[in-house]
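Worksheet: one structure, shown below.
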Amino acid sequence: MRIRTLVPALACLAAAPLANAADEMSVKFDGFVDTYYSFYSTDSDTPDTYDSGTGFFYSAKLGVAAAISAKVSAQVDLVADGSDGGVIAKQAYGVWKINDDVSLKTGKFIGDIGWVAAYAPGLFRVNAGPIVDLYSTDSVGADVIFKTGAITASLTVANGLFDTNETNNSGQTGQGNEKYGYLADVTYDLGEGKGNVNVELGYDTSVRGSGGDQLHLAANTTLTPSEALTIGAEVIMQAVSKPDNSTAEDIGKFGFLAMANYKLGSALPVPASVTGMLQSVAVDNVDGVKDDTESTTELAVALLTNPAGTDKLGLNVELYYAMNSVESAGSPAVDSSEVGGAVELLYVF
């Protein structure tokens with residue numbers, strides 16, 4: 001469950017008009033412009049690998065949500081991430097509300113895997129952190145959503161879950177039935193605004209560049225024990241199997257996230273909150289000959305403010321410290337660390 005309503009509500013603006021659609025068609029635009037200044041410095045057991053850097057970065061989104069009728073809606077999100085100056089269709093899907101309990105979504109949409117929001121306005125910090133490397137790519141396929149009471153369940157069938165080559169039409173030429181990705185996602189709403197619990201089970205039958213198939217199992221939760229406090233946690237376990245008669249390695253992946261965000265109330269003259277977040281990711285490569293493990297643990301703190309008195313403008317500051325280690329069988333571990341941060345201005349409309 002990637003985008004969730006208990007993360008800052010800005011991440012769900014695009015869905016709001018669809019939920020309130022009348023029989024007559026209506027269209028709503030939304031989006032954001034994100035600009036931040038980032039800096040980092042690395043240190044390692046190997047002196048010649050020292051590195052540092054600074055720079056300005058940007059990303060932007062323009063979303064169009066169309067409520068076509070009481071049972072039909074569509075969403076298109078155009079995103080520029082600044083990496084190559086290009087614009088992509090991050091999402092382009094339609095939703096058919098078959099009845100009060102069942103909906104069908106088809107097209108390209110943000111994958112359900114992961115707790116961290118896909119867009120900047122849904123984050124509790126400036127950067128996403130290392131755990132998102134375990135998340136799925138955008139899905140091209142179909143998603144059946146079933147809702148009853150406090151439970152929302154979905155089943156996604158897509159061209160792939162973890163292969164970036166399968167997020168556009170050119171990547172699916174000649175694809176057979178054995179190359180699809182499947183994901184079951186179940187969320188239980190705790191009620192009274194107290195949060196939710198989510199579990200995910202995914203299977204990708206072919207992951208290009210990683211060997212063979214991939215199994216994904218994860219659980220996460222968002223808890224709001226009080227109006228001021230939001231707690232988030234996530235655990236991810238993945239296994240990638242090498243194909244038959246291949247010299248590639250089996251790969252095991254593990255990720256963990258824990259976060260707390262506290263609204264400061266009247267402590268500052270403008271609306272503000274502070275976030276503390278811990279993330280840890282480990283990747284084990286096993287071939288029976290030269291086994292190695294790569295791990296990263298990151299601590300991050302962020303101050304999020306609305307200096308104009310509205311959530312349409314965010315001025316956010318983040319600092320992080322990451323510890324990295326590479327261990328190979330029969331060799332000493334190579335450790336490194338990175339200190340960095342960012343200052344962000346986020347405009348939302």
Hey, among the residues in segment 44-53 that are surrounded by 11 or more Cβ atoms within 10 Å (Cβ to Cβ) and either of a type in the set (V, I, T) or in contact with a Phe, Trp or Tyr (Cβ under 7 Å, 6 or more places away or on another chain) (or both), which one's nearest to D335 (Cα to Cα)?
S44
If S226 satisfies every condition in (1) surrounded by fewer than 18 Cβ atoms within 10 Å (Cβ to Cβ); (2) in contact with a strand residue (DSSP E or B) (Cβ under 7 Å, 6 or more places away or on another chain); (3) under 30 Å from G265 (Cα atoms) but one, which is the exception?
(2)
Looking for something surrounded by fewer than 16 Cβ atoms within 10 Å (Cβ to Cβ) and in a strand (DSSP E or B) - is there at least one such residue anywhere in segment 77-86?
no
Based on what the data block shows, is K90 modelled with pLDDT of 95 or more, in contact with a strand residue (DSSP E or B) (Cβ under 8 Å, 6 or more places away or on another chain) and more than 27 Å from V207 (Cβ to Cβ)?
no
From the option list T137, T152, single residue qualifying as touching a strand residue (DSSP E or B) at 6+ places or on another chain (Cβ under 6 Å) and of a type in the set (S, T, N, Q) is T152
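A quick yes/no check of all residues on (1) in contact (Cβ under 8 Å) with a residue 12 or more places away in the chain; (2) aromatic (F, W, Y); (3) assigned to a loop (DSSP other than H, G, I, E, B); (4) under 30 Å from S325 (Cβ atoms):
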residue: A89; (1), (2), (3), (4): yes, no, no, no
residue: K108; (1), (2), (3), (4): yes, no, no, no
residue: D112; (1), (2), (3), (4): yes, no, yes, no
residue: V116; (1), (2), (3), (4): yes, no, yes, yes
residue: D133; (1), (2), (3), (4): yes, no, no, yes
residue: T137; (1), (2), (3), (4): yes, no, yes, yes
residue: A142; (1), (2), (3), (4): yes, no, no, no
residue: K147; (1), (2), (3), (4): yes, no, no, no
Which one of these does G171 not meet: (1) out of contact with any Ser or Thr (no Cβ under 6 Å at 6 or more places or on another chain); (2) at pLDDT 95 or above; (3) of a type outside the set (S, T, N, Q)?
(2)
Can you name the residue in segment 56-76 that is within 14 Å of S103 (Cα to Cα) and not in a loop (DSSP other than H, G, I, E, B) and is also farthest from the chain's Cα centre (by Cα) among such residues?
V72
Just one of S59, S38, S83 is without any contact (Cβ under 8 Å) to a residue 24 or more places away in the chain and either closer than 29 Å to E338 by Cα or not small (G, A, S) (or both); which is it?
S83
Of the residues in segment 275-296, those that are surrounded by fewer than 17 Cβ atoms within 10 Å (Cβ to Cβ) and under 20 Å from E234 (Cβ atoms) come to G276, L278, A282, E294
Just the residues that are surrounded by fewer than 16 Cβ atoms within 10 Å (Cβ to Cβ), in a strand (DSSP E or B) and either more than 21 Å from the chain's Cα centre (by Cα) or at pLDDT below 95 (or both), please, taken from segment 328-349.
S328, V334, D335, S337, V339
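The values are calculated or read from the model by the stated rules, or taken from the named source; none is laboratory data. What you are looking at is a predicted structure, and each value in this text was computed from that prediction instead of being measured. Using ideal geometry, Cβ is built from the backbone for each residue, glycine included, and neighbour counts are taken over all protein chains shown.
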